[in-house]
Amino acid sequence: MSALEHLSEALAAAVQSAGEGVVRVEGRRRIPSSGIVWSADGLVVTAHHTIDRRSEVQVGLPDGKATAAKVLGRDPATDLAVLRLSTAGGRVLKRIEEGQAKVGHLALALGRPGDSIQSTLGVVSALEGGWRSPLGGHIEHYLQSDVVMYPGFSGGPLIDAWGRVVGMNTSALLRGIALAIPVATIERVSQALVEHGRIRRGFLGVGVQPARLPQPMEDRSGQSTGLLVASVEGGSPAERAGVMLGDVLLALGGERLAGMEDLLAALGGDVVGKATPLEILRGGTSTTLSVTVGERPAPSEEEED
């Protein structure tokens, strides 16, 4: 048998084995999505954007049976949702360890939008450090592959050539790019969703855009940009604290605000409900306000298909 035939057989075996841990998730009006069996007691992780129903969905197991599942929690910012099966089924797959994934490694996207497992082949095309999604979710690694994401593949696993889970495939966080939510993020967020049902994130109620600071302020602070306030919501924490149009946000809770990612990072769940110092630039003078950070409202349960 040639080396190519050996590789082909090995990939087919990896798909067959890992397919035992991939389920069909019927949580929306269109084609079902996929999910990953995450624990032996019936936890399944899937993509938040594929779940329309608020409380209960149907899940198709690898053995062909179907069972109900309760939605324990969901986080739009990382596109993760956690389900609890009413009857445990499927196999918990081995997960890749930190540092084992490398750019250029073969990668297989698995999905079960129907009764049988489906797969596409590609490589890990980009692997970088932590980043924040457009909705502010902290994701431990930027993990991109060039696999083809067929309809129904979101929520399924990206596996390596040994059948280990590298991450959960999603097409929702960055349109047109095949991303995988890494294992470390899935473990952290799913634990929080099981315990609390949601991920708390802070809310100020301002619309901002990056703005260059005057040279004297840049020299004093070592910070070249801040966030210019373009709008303030009525009744928001920012309005109650006295933030005005034209102010430039410099720091929140001691964290410098040079860009939107800095503001999202500073508005973690640990500051919700707390009086937090907000440094601003107003009329060329730096001043500090006290803002009681609110909690970002939950988005509508109705998501795009």
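Quick look at the numbers
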| quantity | calculated |
| --- | --- |
| K70 accessible area, 1.4 Å probe, all protein chains in place, Å² to nearest 10 | 120 Å² |
| Nearest-ten-degree value, helix 183-196 long axis tilted from longest Cα axis of the chain | 70 degrees |
| Probe 1.4 Å - accessible area at W131, Å² to nearest ten | 40 Å² |
| Kirkwood hydrodynamic radius of the chain, Cα pairs, Å | 20.8 Å |
| GluC sites (Glu not before Pro) lying in DSSP loop within segment 184-227, provided at most 10 other Cβ fall within 10 Å | none |
| Rotationally averaged projected area of segment 216-305 (alpha carbon convex hull; nm²) | 7.1 nm² |
| Per residue, the convex hull volume that the Cα atoms of segment 1-150 enclose (Å³) | 126 Å³ |
| Hits among lysines - C-alpha to C-alpha of K274 under 18 Å, sequence gap 8 or more where chains match | none |
| Whole-Å distance, taken between Cα centres, linking segment 14-81 and segment 141-204 | 13 Å |
| Cross-link partners of K65 among lysines (Cα-Cα below 26 Å; sequence separation of 8 or more within a chain) | K94 |
| Volume per residue of the C-alpha convex hull in segment 79-164, rounded to whole Å³ | 129 Å³ |
| Stretchable slack from V92 to E261, in nm (0.36 nm times residue separation minus alpha-carbon distance) | 57.4 nm |
| Prolate/oblate/rounded label for segment 229-276 (Cα gyration tensor, a/c 1.5) | oblate |
| Y142 accessible area, assembled protein chains, probe 1.4 Å, Å² | 30 Å² |
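The values are calculated or read from the model by the stated rules, or taken from the named source; none is laboratory data. Please read these numbers as outputs of a predicted model, since none were measured by experiment. When we count neighbours, we look across all protein chains shown, and the Cβ atoms used for this are built from the backbone with ideal geometry, even at glycine. All accessible areas refer to the heavy atoms of the entire protein, side chains included, with ligands and DNA or RNA removed. Shrake-Rupley method; radii C 1.70, N 1.55, O 1.52, S 1.80 Å.
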